[in-house]
1. Going through ASP185, ASP170 one at a time, which residue ends up being out of contact with any helix residue (DSSP H, G or I) (no Cβ under 6 Å at 6 or more places or on another chain) and either at pLDDT below 95 or among the hydroxyl-bearing types (Ser, Thr, Tyr) (or both)?
2. Exactly one condition in (1) on the phi > 0 side of the Ramachandran plot; (2) crowded, with 17+ Cβ neighbours inside 10 Å; (3) free of Cβ contacts under 8 Å to residues at least 40 places away in the same chain is false for GLY65; which is it?
3. Would it be correct to say that ARG19 is among the charged types (D, E, K, R) and modelled with pLDDT of 95 or more?
4. Go through (1) in a loop (DSSP other than H, G, I, E, B); (2) charged (D, E, K, R); (3) within 18 Å of HIS33 (Cβ to Cβ) and name the single condition GLU153 misses.
5. Looking at (1) closer than 24 Å to VAL110 by Cα; (2) touching a Gly at 6+ places or on another chain (Cβ under 7 Å); (3) without any contact (Cβ under 8 Å) to a residue 60 or more places away in the chain, which is the one condition that is false for GLY2?
6. Regarding segment 19-31, can at least one residue be identified that is among the basic types (Lys, Arg), surrounded by 15 or more Cβ atoms within 10 Å (Cβ to Cβ) and closer than 17 Å to ASP152 by Cα?
7. Quick check on LEU114: is it surrounded by fewer than 24 Cβ atoms within 10 Å (Cβ to Cβ), more than 25 Å from LEU70 (Cβ to Cβ) and aliphatic (A, V, I, L, M)?
8. Looking only at segment 151-167, which residues are surrounded by 13 or more Cβ atoms within 10 Å (Cβ to Cβ) and under 15 Å from SER81 (Cα atoms)?
Amino acid sequence: MGTAGIVLAAGGGSRLGGRAKALLPHRGRPLLHTVVDALREGGCGDVVVVVGAYGEEVAAACPPGTTVVLNPDWPEGMSTSLQRGVEAARTHDRVALTVVDFPGITADLVRHVLDAHLPGTVTLPVFGGRPGHPVVFDLADAFTAAEEATGDEGARSFLARNRDRVQRLDCTGLGDPGDVDTSEDLRRLT
């Protein structure tokens, strides 16, 4: 049981010129390693990486012991990756959901969010008032969020509909919440 980390890494990186974000260099290795290591060291017993575009290359770059899930429907949006990731984590009590283009993730951040999570809530880290990752869900809520998600929205609509259960957790200083979407954002990798 325990916690599974889910890394959504299936996108085509279109705003980044069609590059696999998971494979971007970060601290001398693929960005994917930074994210997976932070989840593991922060308390996730298992880590699921959902791949799609560049699936073979990203799967080959996954650290040993990572569960790799192929999402052939990745062009339909993040919702399809969320669905596959949650299904692969079905034997766990809860999930810590994040995206692969998050170089500011740290084990301390993951640990803080996992430690603060209360059953029956969704724990949403915020950085200076700005929501970020990883978001922690009880497994049942993760399944509901995945079932309800459409297109490229991920769990956003579930969070909006369940505001009363979302525990906003101040994580300012525990990580940089910025992600890497455009060429301008590549500065976050240095």
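1. Details: ASP170 fails: either at pLDDT below 95 or among the hydroxyl-bearing types (Ser, Thr, Tyr) (or both).
Only one candidate qualifies: ASP185.
2. (2) is the only condition that GLY65 fails.
3. Numbers: among the charged types (D, E, K, R): yes; modelled with pLDDT of 95 or more: no.
So ARG19 fails the test.
4. (3)
5. Of (1) closer than 24 Å to VAL110 by Cα; (2) touching a Gly at 6+ places or on another chain (Cβ under 7 Å); (3) without any contact (Cβ under 8 Å) to a residue 60 or more places away in the chain, only one is false for GLY2: (3).
6. Step one: of segment 19-31, the residues among the basic types (Lys, Arg) are 19, 21, 27, 29.
Next cut, surrounded by 15 or more Cβ atoms within 10 Å (Cβ to Cβ) only: 19, 21.
Cutting the leftovers down to closer than 17 Å to ASP152 by Cα gives us 21.
Looking through segment 19-31, at least one residue is among the basic types (Lys, Arg), surrounded by 15 or more Cβ atoms within 10 Å (Cβ to Cβ) and closer than 17 Å to ASP152 by Cα.
7. Values: surrounded by fewer than 24 Cβ atoms within 10 Å (Cβ to Cβ): yes; more than 25 Å from LEU70 (Cβ to Cβ): yes; aliphatic (A, V, I, L, M): yes.
Here the answer is yes, as LEU114 does meet what is asked.
8. If the condition is that a residue be surrounded by 13 or more Cβ atoms within 10 Å (Cβ to Cβ) and under 15 Å from SER81 (Cα atoms), then ASP152, GLU153, GLY154, ALA155, ARG156 are the ones that fit.
The values are calculated or read from the model by the stated rules, or taken from the named source; none is laboratory data. All values derive from a computational prediction rather than experimental measurement. A quick note on method: Cβ atoms are made from the backbone with ideal geometry, for glycine too, and the neighbour counts reach across all protein chains shown.
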